[in-house]
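One structure below.
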Amino acid sequence: MSTWPMPPPMLRALQLAREGEAAGEVPIGAVVTRDGEIVGEGFNRPRALNDPTAHAEILAIRAAADALGGERLGECDLWVTLEPCAMCAGAIAHARIARLYYGASDPKGGAVEHGARVFSQRQCLHRPEVFAGIGEGEASVLLRAFFSARR
């Protein structure tokens with residue numbers, strides 16, 4: 001667990017991840033902020049919505065775009081409990097998210113520091129600043145416990 005104070009947006013993302021877990025979804029939460037205020041949030045809901053694209057990041061980005069009235073979120077930050085997959089990294093680039101903060105790394109499905117490394121590709125039109133490991137301990141414990149209970 002962290003020894004420094006957790007930033008409020010990551011605390012909220014972790015809370016959302018727990019809500020997702022309670023709903024039977026993989027516990028991942030995401031929050032979009034602008035000027036420190038939450039403008040969109042979500043947790044994984046592919047099972048509940050019968051939608052394979054209903055990842056926490058996608059739902060948070062959609063909510064923020066709706067709240068702000070535009071598809072470009074260049075003044076926004078995204079806080080998520082797990083390293084985004086390729087689909088979510090693509091959405092982050094298309095939304096022009098300024099900064100990405102994520103908790104746990106995902107060697108199997110992540111696409112920021114692992115796998116496709118979407119933001120490192122020449123074809124990527126926008127690259128957010130990336131800060132990894134924010135709330136990593138808490139996010140990792142939550143995910144490990146979720147998957148351990150299902151084995």
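Of note:
- Taking the listed residues Gly110, Gly74, the one that is outside any helix (DSSP H, G or I), touching a residue at least 24 places away in the same chain (Cβ under 8 Å), open to solvent by less than 10 Å² (accessible area, probe 1.4 Å) and closer than 24 Å to Pro7 by Cα is Gly110, with no other qualifying.
- Any hit, region 78-88, residues being over 15 Å from Glu129 (Cα atoms) and among the aromatic types (Phe, Trp, Tyr): no
- Residue check, Ala65 among the aliphatic types (A, V, I, L, M), under 15 Å from Gly20 (Cβ atoms) and in contact with a helix residue (DSSP H, G or I) (Cβ under 8 Å, 6 or more places away or on another chain): no
- One residue stands out in region 1-57 among those that are more than 14 Å from Cys88 (Cβ to Cβ) and in a strand (DSSP E or B): the one that is least open to solvent (accessible area, probe 1.4 Å), namely Thr33.
- Residues located in region 79-89, provided they are open to solvent by less than 20 Å² (accessible area, probe 1.4 Å) and either part of a loop (DSSP other than H, G, I, E, B) or free of Cβ contacts under 8 Å to residues at least 60 places away in the same chain (or both): Glu83, Pro84, Cys88, Ala89
The values are calculated or read from the model by the stated rules, or taken from the named source; none is laboratory data. The model shown is predicted, which means the values in this text are computed figures rather than measured ones. Positions of Cβ are generated from backbone atoms using ideal geometry, with glycine treated the same way; all protein chains shown enter the neighbour counts. Protein only, heavy atoms only, side chains kept; ligands, DNA and RNA dropped before computing areas. Shrake-Rupley method; radii C 1.70, N 1.55, O 1.52, S 1.80 Å.
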